[in-house]
Amino acid sequence: MNANLTSNHRGGLHGRRSKRAVSPIIATILLVAITVVLAAVLYVLVSGLTKTSTSTPYELGMAETGSNTGTTDTVILALTPTAGLATSMFGLKITTVSGSTLATVAVPAACANAVTTSTCVGVAGGWYALLVTGGKVSATWGNATAVWGNLGGAGTIALNGGYQLWVVTTTVYTGASNSISAYGISTSSVSGSAYL
């Protein structure tokens with residue numbers, strides 16, 4: 001009986017020894033790989049949650065419909081804006097053929113408070129723009145910092161196809177490959193351009 005026990009006991013030990021464990025090096029590699037995969041999955045999930053939603057792209061179509069020259073040069077552009085586009089969402093810039101940006105100037109006081117465009121004259125050293133509908137000034141774009149000034153106390157103006165953009169200068173910008181373009185302010189995505 002003792003011989004059987006000894007035999008069984010030895011067999012049990014031998015059976016346990018035949019089941020080999022994973023080596024410490026392979027275990028470490030597996031742990032590192034699992035950690036990297038979990039970290040990558042967590043990064044993808046967190047970055048997907050923290051992304052800000054992309055804004056709707058807006059288009060401000062502009063086409064020159066006329067201009068008049070003299071001591072004041074005015075270029076008139078018809079606007080075809082995407083629905084929902086407002087003055088608080090975009091700015092304007094004029095770029096030369098060499099890529100430089102032309103400076104804006106302060107809108108004359110008489111024009112900034114005007115009901116019609118008749119008092120809006122060019123200012124030496126730059127340009128400003130008027131948002132016009134029905135022959136009346138609704139907003140001005142100018143000043144050294146290039147901002148919209150809305151007339152009539154409106155905080156912002158929603159655009160539609162009835163608006164024109166008048167570019168007012170003392171220098172003739174037409175025919176020199178100068179272009180005016182719209183750009184988004186803050187998180188708004190706005191595009192659109194036209195040659196003057």
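Since every read-out is calculated from the coordinates, none of them should be taken as a lab result. Here the structure is a predicted model, which means the values were calculated and not measured. All Cβ positions, glycine included, derive from the backbone under ideal geometry; neighbour counts span all protein chains shown.
Key figures for this structure:
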{"read-out": "Relative packing of 71-79, 30-38, which averages over residues the other C-beta atoms within 10 Å, highest first", "value": "71-79, 30-38"}
{"read-out": "Nitroxide proxy distance, nm - points 7 Å out along Cα→Cβ at residue 96 and residue 187", "value": "3.8 nm"}
{"read-out": "Peptides 159-167, 181-189, 56-64 ordered by average Cβ neighbours within 10 Å, highest first", "value": "159-167, 56-64, 181-189"}
{"read-out": "Radius of gyration, Dmax [the stretch 57-195; alpha carbons; angstrom]", "value": "13.6, 39"}
